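The values are calculated or read from the model by the stated rules, or taken from the named source; none is laboratory data. Please read all numbers here as calculations on a predicted model, not as lab measurements. Glycine gets a Cβ as well: all are built from the backbone with ideal geometry, and neighbour counts include every protein chain shown.
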Amino acid sequence: MSNDPFAVSDAIKAMRAEWAITEPLMGGTLAMRKAGQALLPKHPAEEDEAYATRLGVATLFPAYSETVVSMTDRVFAEPIQLGDDIPDELKGFASDIDRQGNDLSAWGVNWFRVGLSYGLSHALVEYPKADGVRTKAEEDAAGLRPYVVMIHPMQVLGWRDDGTKLTQFRYLETVTEDDGDFGVKIIEQVRVLEPGTWKIYRKVKGEHVLHDEGVTSLVVIPLVTFYTKRVGLMRAKPLMMELAHLNIKHWQSQSDQDNILHVARVPMLAVIGPTQNHDRNGNLLPFQLVVGTGAATVLPMNADMKFVEHGGKAIEAGRQSLLDLIDEMRMAGAKLLRKDQSGTKTATQAQEDASQETSPLMRMAHHFADCIAQIFQLMANYRNLPEGGHVEIKGNFDIDYAPETSIPSLVNMANSSLLSHETLFSEMQRRGVISDEFDWSDERARIEEQGPALGSM
């Protein structure tokens, strides 16, 4: 039994074990270095100083984070479109959905990105405290209206449910308070949400105390959870965990490759068969070696001195291994764009189902649109409106494994008359090579007006 609101539940601890991998990958090179031996183990018998040097020069190939960003950009290739059934009052909120100047699309990008990386992300529909405000007119005059706050998965401490819906939700948040004339201090506190009520706890001299509490006009906890790989209520796994593991493997392999390159680039001078000299007392004298353009080392007869260099086979093997890993990571990320294949179909079935085939990314976009609709419905509930309405997301879900290799192939096909120039133009637009502002018919007219290319006549 625990009465500590700051306690982390076992379910959250289990998910944080996987987030300990994805979070540094999203944070970049500095975050990966900070993770230290957890993601870059020490070699057997490796000295602390040598490891610190190796860790300090390690750099991350950002395959995981760039895939998350790229897939998110595909979903938001166009701004979120508000449905006609959304009340005008709520449409006005969409231009500043979080009361921090972010419109719905800009805020949604971050919410989706976190959900794609961690497996889930949360959004809380808040309403400012309305002390002394009794009517809607007074609310409008005071500028009070519902807004949305993203709750990062790492903020969540625990929850309770009755099997179908939440009965309690706890998360950690930070607030700033003035400290003197110019300073500020950051205070951690736990917000506990229950249907119709909320409480805030803070730690004072090592003990948690109730800092504030209040009530809401809703009979549910106004929380919306966006899942990308749900395994249960409030439980999820990072969707691209295998890509994350491949990226960690690349991080470790790249460090080994950098280390061996450092060794190979610094040839070692070897002296073979030098005479061991002694002093008058018979003590062994250290071998004197002088290297430089203005100096020479005298060697005894039959001795030799030469630079020993690395053979290079291990370097080439390591380089090829890294390239193979990059290809594997590219394929792992591209799986989000592959349309489902549900076995052999007849021609009639294939024709009927062609328009219904969806990729995992497309399904996530549809689920995300539903989550946005839930947010608008909670806002409508706060404002005593019957319907919150719906939104539509039109993203780019076409597969393109490797633009750097597919573009030359498309150009060659066009040059060989196996592809029309119009189709080539469209494919270039889809890959972002040509701006969407250009139109093929207009561009063809411009080409005809400019005449033949230089040197063609």
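Counting only residues that are under 22 Å from Leu325 (Cβ atoms), free of Cβ contacts under 8 Å to residues at least 40 places away in the same chain and in a loop (DSSP other than H, G, I, E, B), the range 25-61 holds 3 of them. Among the residues making up the range 170-201, those that are of a type in the set (Lys, Arg) and either closer than 20 Å to Ile12 by Cβ or within 26 Å of the chain's Cα centre (by Cα) (or both) are Arg170, Arg191, Lys199.
Listed here are the residues, each with its yes/no results for (1) loosely packed, with under 10 Cβ neighbours inside 10 Å; (2) in a loop (DSSP other than H, G, I, E, B).
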residue: Asp181; (1), (2): yes, yes
residue: Arg191; (1), (2): no, no
residue: Lys203; (1), (2): no, no
residue: His208; (1), (2): no, no
residue: Glu213; (1), (2): no, no
residue: Ile221; (1), (2): no, yes
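Does Asp73 qualify as being in the same structural domain as Trp107 (by TED's automatic domain parsing) and exposed (fewer than 13 other Cβ atoms within 10 Å of the Cβ)? When the stated conditions are applied, Asp73 does not pass them. Filtered by the rule that a residue be part of a loop (DSSP other than H, G, I, E, B) and out of contact with any Asp or Glu (no Cβ under 6 Å at 6 or more places or on another chain), the range 86-116 gives Ile86, Pro87, Asp96, Ile97, Asp98, Arg99, Gln100, Gly101, Asn102, Asp103. The selection criterion, being hydrophobic (A, V, I, L, M, F, W, C) and either modelled with pLDDT under 85 or assigned to a loop (DSSP other than H, G, I, E, B) (or both), does not hold for Phe425. Can you work out which of the residues in the range 1-23 that are among the polar types (S, T, N, Q) and surrounded by fewer than 18 Cβ atoms within 10 Å (Cβ to Cβ) is nearest to Pro153 (Cα to Cα)? Ranking the qualifying residues of the range 1-23, first place goes to Ser9.
Inside the range 24-39, can you point out the residues that are surrounded by fewer than 18 Cβ atoms within 10 Å (Cβ to Cβ) and either touching a Ser or Thr at 6+ places or on another chain (Cβ under 9 Å) or among the β-branched types (Val, Ile, Thr) (or both)? Walk me through it before giving the result.
To start, the set of residues in the range 24-39 that are surrounded by fewer than 18 Cβ atoms within 10 Å (Cβ to Cβ) comprises 27-31, 34, 36-38.
The answer is Gly27, Gly28, Thr29.
Among the residues examined, Ala45 qualifies as over 24 Å from the mean Cα position of the chain (by Cα) and exposed (fewer than 12 other Cβ atoms within 10 Å of the Cβ).
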